[in-house]
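Reviewing the structure listed below.
Please treat every number below as a calculation from the coordinates, not as lab data. Not measured: the values here are computed from a predicted model. So basically every Cβ, Gly included, is an ideal-geometry build from the backbone, and we count neighbours across all protein chains shown.
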Amino acid sequence: MIRLLFLIPVVLCFIWFLYLRHNGYSFEQGKKGYLYILIVSAVIAAFYSFMLWVTHLE
C-alpha cells in the first residue's frame, strides 16, 4: 500500500489535465490546481509515513 502512494498525485494530475482540456483551459490557467494537488498529496504521504513510524514503535 505505502509503495503505491506515488500514484495519488499522478492520477489526480491526470484527472485535472483531462478536466482542463475538456473545458478549454490552458496549462497556465490550471497551474494553481496542480500545486494544490501536489500539496494535498504531500500531506497525505506525510500522514501515512508518520502513522507507519508511530505504529512501528515498540
| request: Round to the nearest 10 and give me the degree value, 0 to 90, for the angle of helix 7-22's Cα axis relative to the longest principal axis of the chain. | output: 10
| Label points 7 Å out from Cα along the Cβ direction at ILE39 and TYR19: separation in nm? | 1.5
| What is the helix-to-structure angle for 27-55, meaning the angle in degrees between its Cα long axis and the longest Cα principal axis of the chain, kept from 0 to 90 and rounded to the nearest 10? | 10
| said: Counting other beta carbons within 10 Å of each residue's own, what order do SER49, SER41, SER26 fall into, fewest first? | reply: SER26, SER49, SER41
| task | If a/c stays under 1.5 just call it rounded; otherwise compare a/b with b/c (prolate if a/b is bigger, oblate if not). Do that for the chain, with a ≥ b ≥ c from the square roots of the Cα gyration tensor eigenvalues. | result | prolate
| In deg cm²/dmol, rounded to 500, what helix-only [θ] at 222 nm does the chain give when every DSSP H run of at least 4 residues adds -39500 (n - 2.57) and the total is split over its residues? | -27000 deg cm²/dmol
